Each structure stands twice: as structure tokens, then as C-alpha cells.
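Notes for the one structure printed next.
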Amino acid sequence: MPINEVLTDENIEEQAWRALEKSILYYQGRPIGTVAAYDDSVEALNYDQCFVRDFVSSALIFLIKGRTDIVRNFLEETLKLQPKERELDAYKPGRGLIPASFKVVVENGEEHLEADFGEHAIARVTPVDSCLWWIILLRAYVVATKDYSIAYQPDFQNGIRLIIEICLANRFDMYPTLLVPDGACMIDRRMGIYGHPLELQVLFYSALRAAREMLVCKAHQDCKGNQDVVAAIDNRLPLLCSHIRQHYWIDINRLNAIYRFRSEEYGKGAVNLFNIYVDSLPYYELDKWLPRKGGYLAGNVGPSQLDTRFFALGNLMAIISDLATEDQSQAIMNLIEERWDDLVGDMPMKICFPALESEEYRIVTGCDPKNIPWSYHNAGSWPVLMWMFAAAAVKTNRTGLARRTIEIAKARLSEDEWPEYYDGKKGRLIGKQARKYQTWTIAGFLLAKELMDNPNYLPLVSFDELPPEAISRACEFEVGSVEPYIPR
Ligand code: GLC
């Protein structure tokens, strides 16, 4: 930006668009994605690649602006990267997965794509969220273009099916949620989120809903029909929904119930189903922190485990996807409003709250210097979350809150050159190792603004209620009631 240019809303937006255009990745002459960051001042590592989860923010703003070609190219090319055969080598990605990221490489003068399924990534983390985001984005493309034909193509039907198969495969545990390793989503470093982390459960739910809309049931000419997989989705969706609504929910009433839980209950009559020991929870802090009319979905639920940290992506996407009930959604927004300083502060918004500190930080993160308390994934502030907050605000009719976040962010983001994340309890420090010109920061800001100006774009990512009969069928969750899906 020229030195004396005054920062008006228009030129902040113009600047953001210029930076977004610059991040576009071309493959064989066609735009196919955006790089994670365009920052010459630090070593690129893998930030010069197109990350699937990061591209979703860019893709949505491109769809809104009618630039559907880049999104279509991305969906087609990433589908080609999906392994289609069962793999015997345990070090190779499983059938159905979508990579975390990819880049264009040139060999003998020819371009081709090189995918990373975690085999190159720091700590070799598994990107479970990529395949879920891929389905969610495909459905957004279909909603934006009103054209189902891409999803109905046999290769796309097969791609969706393979993703659902890997998610619904037979496994060891009997919860309707997905059991995953640590660092399998946006938080892609060890942060104590192995097990059944909220973020992945919510994306799983959205992906199942999206797949349900797009999978062709009846067999026809080029497609075998998907009755079996659709039946498996219909079985899982209501169970997953009621499991999350019931067992992840925390508000003052629920905290009271948990506070007086008995433990070591055996058999069918158990109330404390997961044998949560109340002393493992920061109940006195929560007693003070929970507003009377606020609540949120916990970070993780498992055997003797209730992670009471607030995770923004999971909670916001739960509102957007209709996984949270109407009352729960309002309560989450109340919590954010009442605990604004903690969750929004001077840069929207905290990826999670509170930070892991002292011994807990050392043990849980493995002394990760990037995730020191109040930095990066450990309660840092991530502007990309602004668009999800804006969408959740539209869905709950609380747009005033989202407008406030845009006001807070706009001047700083462009002045600070669109950092990846911020540090500190209030988010006033540019992230210690943050990249500048981080694409999802730029796209997240543009998208949040766009959703405020045009709330009717919400259906790109949102869902309506699951039919009530589906929920009541699954109201009483019983371990073991999830029917395994047996692939063909
Ligand atoms: C970091 C983030 C991850 C993101 C990637 C590219 O690894 O933790 O969520 O996808 O950077 O921006």
C-alpha cells in the first residue's frame, strides 16, 4: 500500500482482494487453489502449499463472487489425489482420505501435483478433517451453482462414498463419534485433543448431512446406487446428533449435575456414563465463568474424560450446521457476548480457552515451544474464525456481535499485514511465529464482511433441522447402539 494511503473500508477490502489474488495457485494454466501464506520474509516450510482446510475460506468467498471455476478445479484435482484402492502398506494413506495439502511440482518440464497426507508434515499428523471439509465444500459448490451434476458424476459419487466408508468403518469403540489421533484437524500439533474432539465431530456431522443430500440412492446407468451407505448415514446421524447435544453440553445446570455425579457406576442404570471424576474438572473456575444463560459444547468426551476447554471452531460450526439445538446455539452466543474479553478480546477470536499452563502445558503439549500458553493453538487468536462467527451470528440473529468483531479486526489486520494468528490473553501481540499475508486470515475477513452484507449466503454452509423423528429415535444413547457399516 502507498505510504500515505488513508485506510478506508474500501481500500482495506481492496488490499485484501489484491492479496487473495496473489495467493492463487495455478496448475497447467488453471487456478486450482490458494497457497496458505505468501510471506517472503520467513522460510516457507509448507506454507507455499494449498491446504484443504485453509482453502475452504477462500473457496466460499470465490463462490459468493461467482468465481466458481477455481473451486470446481480444486474439487476435481483433489478428488484425483484421493487413494481409491485399499492400501497394504501401513505407511501409505488409507483409501478415501483427502490430503492435508498439495503443491505443484515440475519434473522434466511437466507439472504435476504432489500431495501430503501427513507423511511430510511436522510430527506426521493425520488430516482427518480434509475429507470432511472436501464434502462440505462440494455441497457449498452445488448450493452456489444450483447444479448437482458435478456431485452426480460417478467419480464424485465414488469419492463421497469412499470418504463415508472410511468414517463409518468398523472400529474398536462404540460411540457414534469419530475416534481420532491428536492434531488431526486445524489444531495439527499435540494439544491433548486425541479421542473424540469436538471440531472433528462437528465436521463429521456436517459432512454426513452434506453427503446425504448428494449421494444418489437409486442405481442407474453409471452408478451402482448407494442405498447401503445412505442407510448407514441415516443410522449414524441422529445418534451422533443426540450424543453431542447431550454429553458435550456444559452450562451451569449441567455443571451442577456433574458436580454431584457418583462414580464407578456399572451397567444400564449408570447416570455418569463416562465415569467422569469431578476432581478432574476446574469446577470452581467454571462456576464463576459460566454466565447464567450461557453454555457451550465441551472439547472432548471419552472414558473418564471431559475436556472443559472452549473450542471456537467446533462451537461455531455446531451452530451453523444445526448440530446444536436452537437453545444451545443462543446460549453459546450469550457466552461469547458475556465473556467477550476472554474469547474475542482485541482480535477475534480465541481458537480455544483457557490456555494449558505450567505442568499441564508441559505434559500435554510435550513442551511445544510454538504452543506456549496464550500462543498459537494454545489459546492464541485466529482471525480466520471471524467468518464462522459471522455465519453463526446470522444463523442466531445476533449480527450485532459479528459487526463488532469486524470493527475490531479491520484496521489492525491490514496494518499488521494479515497475520496468521495473534498471541496474548487479549490477542494484542502478533503471533510469535505467525506468517504474514496468511490467506485464510484475508479470506476469513472478506467472508465475514460479505456474510454481514448478504446474510442469504448462509445456506452455502448451513443446514436446517434434522427431522424430529430422526432425533427422537436416538434420544437415549446406549453404548453399542451404533450399527457398524460394512463396506462392500
Ligand atoms: C498450521 C495450522 C493449520 C493450517 C496450516 C496452514 O499448520 O495449524 O491449521 O492448515 O498452518 O495454514
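The values are calculated or read from the model by the stated rules, or taken from the named source; none is laboratory data. Just so we're clear, the structure is a prediction, and the values are computed from it rather than from any experiment. Methodologically, a virtual Cβ is constructed for each residue, glycine included, from the backbone with ideal geometry; neighbour enumeration extends over all protein chains shown. The accessibility values were calculated without ligands, DNA or RNA, using every heavy atom of the protein model including side chains. Shrake-Rupley method; radii C 1.70, N 1.55, O 1.52, S 1.80 Å.
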Practice prompt. Output the residue which, of all residues in the stretch 428-466 that are touching a strand residue (DSSP E or B) at 6+ places or on another chain (Cβ under 7 Å) and polar (S, T, N, Q), is farthest from residue 18 (Cα to Cα).
Written response: 438
Practice prompt. Answer yes or no: is there a residue in the stretch 263-276 that is of a type in the set (Gly, Ala, Ser) and open to solvent by less than 30 Å² (accessible area, probe 1.4 Å).
Written response: yes
Worksheet item: Which of (1) at pLDDT 95 or above; (2) open to solvent by 60 Å² or more (accessible area, probe 1.4 Å) does residue 145 not meet, given it meets every other one?
Response: (2)
Fill in: Out of 200, 215, 179, sole residue that is at pLDDT 95 or above and open to solvent by less than 20 Å² (accessible area, probe 1.4 Å)
200
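Sort out which residues of the stretch 124-139 are part of a helix (DSSP H, G or I) and more than 13 Å from residue 203 (Cβ to Cβ), and write them in order of number. I'd like the intermediate steps shown before the answer.
Applying the first criterion (part of a helix (DSSP H, G or I)) to the stretch 124-139 yields 124, 128-139.
Residues satisfying the conditions are 124, 138.
Quick one: in the stretch 369-424, of everything that is of a type in the set (Val, Ile, Thr) and more than 22 Å from residue 191 (Cα to Cα), which residue is surrounded by the most Cβ atoms within 10 Å (Cβ to Cβ)? Walk me through it before giving the result.
Taking the stretch 369-424 first, the residues of a type in the set (Val, Ile, Thr) are 372, 384, 394, 396, 399, 405-406, 408.
Now narrow it down to the ones that are more than 22 Å from residue 191 (Cα to Cα): 394, 396, 399, 405-406, 408.
Values: 394: 21, 396: 20, 399: 15, 405: 24, 406: 19, 408: 19.
Among residues in the stretch 369-424 that are of a type in the set (Val, Ile, Thr) and more than 22 Å from residue 191 (Cα to Cα), the one surrounded by the most Cβ atoms within 10 Å (Cβ to Cβ) is 405.
Considering each residue of the stretch 415-455, count those that are outside any helix (DSSP H, G or I) and in contact (Cβ under 8 Å) with a residue 12 or more places away in the chain, and give that number. Before the answer, list the steps.
Of all residues in the stretch 415-455, those outside any helix (DSSP H, G or I) come to 416-438, 454.
Going one step further and asking which of them are in contact (Cβ under 8 Å) with a residue 12 or more places away in the chain, we end up with 416-428, 430-438, 454.
Qualifying residue count for the region: 23.
Table: residues versus (1) without any contact (Cβ under 8 Å) to a residue 60 or more places away in the chain; (2) surrounded by 18 or more Cβ atoms within 10 Å (Cβ to Cβ).
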residue: 84; (1), (2): no, no
residue: 102; (1), (2): no, yes
residue: 108; (1), (2): yes, no
residue: 112; (1), (2): yes, no
residue: 115; (1), (2): yes, yes
Worksheet, complete the sentence: Scanning the stretch 92-119 for residues that are at negative phi, part of a loop (DSSP other than H, G, I, E, B) and either within 16 Å of the ligand (Cβ to nearest atom) or of a type in the set (Asp, Glu) (or both) gives 97, 98, 99, 100, 117, 119
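Sort out which residues of the stretch 70-91 are within 24 Å of the chain's Cα centre (by Cα) and away from the ligand (no atom under 16 Å from the Cβ), and write them in order of number. Outline the logic, then answer.
Here is the first cut: in the stretch 70-91, the ones within 24 Å of the chain's Cα centre (by Cα) are 70-83.
Within the stretch 70-91, 70, 71, 72, 73, 75, 76, 77, 79, 80, 81, 82, 83 qualify.
Would a scan of the stretch 49-64 turn up a residue that is within 13 Å of the ligand (Cβ to nearest atom), open to solvent by 10 Å² or more (accessible area, probe 1.4 Å), outside any helix (DSSP H, G or I) and closer than 14 Å to residue 101 by Cβ?
Narrowing the stretch 49-64 to residues within 13 Å of the ligand (Cβ to nearest atom): 49-58.
Those left that are additionally open to solvent by 10 Å² or more (accessible area, probe 1.4 Å): 49, 51, 53-54.
Adding the requirement that they be outside any helix (DSSP H, G or I) leaves 49, 51.
Then keep just the ones that are closer than 14 Å to residue 101 by Cβ; that gives 49, 51.
Scanning the stretch 49-64 turns up at least one residue that is within 13 Å of the ligand (Cβ to nearest atom), open to solvent by 10 Å² or more (accessible area, probe 1.4 Å), outside any helix (DSSP H, G or I) and closer than 14 Å to residue 101 by Cβ.
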